[in-house]
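What follows draws every value from the coordinates through simple rules; no lab data is involved. In this text the structure is predicted, and so the values were computed from the model without any measurement. With ideal geometry, Cβ positions are generated from the backbone for all residues, glycine too; neighbour counts draw on all protein chains shown.
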Amino acid sequence: MEWWNDWFDDRYLRFAVGLTNERTEREVVGIDELLALPSGSRILDVACGHGRHAIPLANHGYNVTGIDVLPWAIGQARHASAGTKSVDFRVQDMRTLDEHEVYDGAIFINTTLGAFEDPSDDLTVLHNIRNALRMGGPLILDCRHRDSIVRQCPPKPDFWEINGAIVRETWTFDPVTAIREGQISWLEDNQLFSKPPTRSRYYTIPQLRDLVVEGGFAVEGLYGGFSREEISLDAHLIMLLRKVEAV
Ligand SMILES: C[S@@+](CC[C@H](N)C(=O)[O-])C[C@H]1O[C@@H](n2cnc3c(N)ncnc32)[C@H](O)[C@@H]1O
């Protein structure tokens, strides 16, 4: 069983200190500008999690479908979107998504590209998103790149406090496999708890570029943030891609 089946749960939301409302608002503004699609366009949010982008994008006038493999995440998203028109959430593994030219644009934010045990799944997912898009449709892909991980090596444990719990994250990075393994633990009421370890492969920017081109996309822009900031060694990579005819 893959690690995220037990990882994304109420504790994820509780300890995800970086996932502030301000960050989500900034991302949604940037996504809207990068997509540059008319109101009413159909958007696919791949691995939508608890719907933090899908719901505001629907409120903004898009017609949004969010998919995620975890029933917990889809349950959260459905609950949060009660009363919101033009948004639909469904439990779906992106590796078996099989839709054809249904969407005008797609987003794949804070991605799990690289989290699959089998690296060929990354390409499968890109192909599936491509199939779901109309020709010329944009895909916004947001992920951490390998250099940003290497910049933080040697890894130091990170500590923070949330609602009375002391949280610690430790991790390792193997330069041969490019796999980062992480572990979050927390001390609460004098008891130590741990989440299952995370395990993800990280690509360099040139490797990501090759991967998306192989997946059938043209690279229109590479940015260090949703407001088209310059690429940074410390920030996530934001890729603006476009479905092109397969070569
Ligand atoms: C880091 S979270 C990002 C969620 C959301 N995009 C966001 O930015 O808040 C990664 C999400 O990917 C989902 N996921 C992992 N593997 C998946 C798969 N095979 N198919 C669909 N969703 C998947 C997880 O359940 C989790 O909700």
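Here the contact order of segment 148-200, divided by its residue count and restricted to Cα pairs under 8 Å and six or more residues apart, works out to 26 percent.
What area, in nm² and to one decimal, does the C-alpha convex hull of the chain cast on average over all directions? List each step's numbers first, then the result.
Details: hull surface 53.4 nm².
That works out to 13.4 nm², a quarter of the Cα hull's surface.
Centre-to-centre separation between the Cα atoms of segment 21-59 and those of segment 158-206: 28 Å. Under 5 Å from the amide H of I107 lie the amide H atoms of L44, D45, V46, I140, each residue being 5 or more positions distant or on a separate chain, with H modelled from the backbone and absent for Pro and chain starts.
Using modelled amide H (1.01 Å from N, peptide plane; none on Pro or chain starts), what sits under 5 Å from the amide H of G137, excluding residues fewer than 5 places away? Answer set, sorted by chain and number: K243. From its DSSP helices (H runs of at least four residues, each -39,500 (n - 2.57)), the chain gives a residue-normalised ellipticity at 222 nm of -7500 deg cm²/dmol. If both residues of a DSSP beta bridge must be in the chain, then about 65% of such bridges are antiparallel. Coupling constants for segment 100-108 follow from the phi torsions by the Karplus curve (6.51 cos²θ - 1.76 cosθ + 1.60, θ = phi - 60°), and in residue order they are 10, 6, 8, 10, 7, x, 9, 10, 9 Hz; glycine and proline get x.
Max-minus-min Cα coordinates of segment 140-213 on each principal axis give 50, 28, 20 Å, with the largest extent listed first. Only Cα pairs under 8 Å and at least 6 apart count here; give the relative contact order of segment 9-117 as a rounded whole percent. Relative contact order here is 28 percent. Under 5 Å between amide hydrogens, built in the peptide plane, is the criterion, and for E188 it picks out F193 among residues at least 5 positions away or on other chains. For segment 57-65, putting each phi into the Karplus relation 6.51 cos²θ - 1.76 cosθ + 1.60 with θ = phi - 60° gives couplings of 5, 5, 5, 7, x, 7, 9, 10, 10 Hz, in residue order, rounded to whole numbers and with x for Gly and Pro. Here the Karplus relation 6.51 cos²θ - 1.76 cosθ + 1.60, evaluated at θ = phi - 60°, turns the backbone of segment 192-202 into coupling constants of 9, 10, 9, 8, x, x, 9, 8, 9, 8, 10 Hz, with x for every Gly and Pro.
Between F193 and D93, what FRET efficiency comes out of the Förster formula 1/(1 + (r/R0)^6) with R0 = 30 Å and r the beta carbon distance, rounded to 0.05?
Working: r = 28 Å, r/R0 = 0.94.
With R0 = 30 Å, the Cβ-Cβ based efficiency is 0.60.
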